[in-house]
Amino acid sequence: MAFACSRCMECCRRVHLLADTAAMDRGDGVCRHLDENNAGCRIYDQRPDACRIDRQYELHYRQAMSWETFVQINEAGCKQLQALGVGEGTRAIPASTDNRNT
């Protein structure tokens, strides 16, 4: 089971919500590395572990739950973030095919 990231960037627009990502807040809750014009991360290849779902699983959750459960929890969290973005003029971009190792 792959993590089906829709690349909506809502997690990047709300870095202030988590202690692990709050330091990347540019002052308005949005990650300072988010390139909203090109709908992507300016430091994607060097992004921190907190921004890598597979790395978070390996570092913190592997002993507690299966990958499938972890993906389901993260997908539910994504839906909650997307619901926050409704009405704020945010937009999704086409989903990649497999973000398991990204």
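Suppose we keep only residues that are of a type outside the set (D, E, K, R) and in contact with a helix residue (DSSP H, G or I) (Cβ under 8 Å, 6 or more places away or on another chain) within the stretch 52-63. Which one would you say is surrounded by the fewest Cβ atoms within 10 Å (Cβ to Cβ)? Result: Leu59. Whether any residue in the stretch 8-17 is in a helix (DSSP H, G or I), touching a strand residue (DSSP E or B) at 6+ places or on another chain (Cβ under 7 Å) and free of Cβ contacts under 8 Å to residues at least 24 places away in the same chain is what I want to check. Yes, that holds for at least one residue.
Table: residues versus (1) in a loop (DSSP other than H, G, I, E, B); (2) at pLDDT 95 or above.
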| site | (1), (2) |
| --- | --- |
| Met1 | yes, no |
| Ala50 | no, no |
| Met65 | yes, yes |
| Glu68 | no, yes |
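Scanning the stretch 1-15 for residues that are farther than 15 Å from Arg52 by Cα and either of a type in the set (S, T, N, Q) or buried (at least 16 other Cβ atoms within 10 Å of the Cβ) (or both) turns up Cys8, Arg13, Arg14.
Of all residues in the stretch 82-94, one or more are at pLDDT 90 or above and assigned to a helix (DSSP H, G or I).
The values are calculated or read from the model by the stated rules, or taken from the named source; none is laboratory data. Worth saying up front: this structure is predicted, and the values here are computed from it rather than measured. Don't worry about glycine lacking a Cβ; one is built from the backbone with ideal geometry, like all the others, and counts go over all protein chains shown.
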